[in-house]
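What follows is a single structure, written as structure tokens, with notes after it.
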Amino acid sequence: MPRSQTHQTSSGHPRSACPGAGQHAFRLGTWRVDPEDRSLSDGETRIHLQALPMRVLCYLCAHADRAVGRAELVREVWQVSHVSEHAVHNTISTLRQALGDSVRAPRYIRTERLAGYRIIGPLTADATEPALTAAESRQWRFGWRTALLITCAAITGLFLIRREPAPTLEDWLSNPPQNWEVEVTGER
């Protein structure tokens, strides 16, 4: 399903098919969350998430003012009528592991008994320039490689053009080289 498609929520409001699609990067505590690149980075570590955990994280962050229940996550993020409680738990565990968070001493995601999951880490807009996507990075590298190849070809071409022509047989016989090594070719 294309990322730009929208659907109606159960309340009739439009929502993105991928919570976080088109969103700019934001900060969750010390982590920079980039929904487009599906990555988390803290300056030293960069972690790529699968699409589902990133959608769950973006949904929880978009509703950080309250706890989000399992049924709501299933309905709004998984977009199916039933997902096992184990699947939701595993996705939250994946997020906690990626963020270096824990259930006993949460810094980012807190489980609220009978209510659901709540983002408790500080959320701020990210003022830094967004990271290059993989495609942009490949294009950039390709551009530099191409420029380097063209530069090398131009330098080689100039070297070959400025080179003195090979001596003719008459020139060679009138001023022979000191070591007298001769290479015979079939050319005249």
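Rule-based calculations on the coordinates, nothing more; no lab input. Please read all numbers here as calculations on a predicted model, not as lab measurements. Reconstructed Cβ throughout: ideal geometry from the backbone, glycine too, with neighbour counts over all protein chains shown.
Pairs meeting the criteria (first residue in region 64-83 and closer than 12 Å to Arg110 by Cα, second residue assigned to a loop (DSSP other than H, G, I, E, B), beta carbons under 6 Å, at least 6 apart or on different chains) are Ala67/Ala115.
Given the condition buried (at least 17 other Cβ atoms within 10 Å of the Cβ) and touching a Gly at 6+ places or on another chain (Cβ under 9 Å), answer yes or no: does some residue in region 36-43 qualify? Yes, there is a match, as at least one residue in region 36-43 is buried (at least 17 other Cβ atoms within 10 Å of the Cβ) and touching a Gly at 6+ places or on another chain (Cβ under 9 Å).
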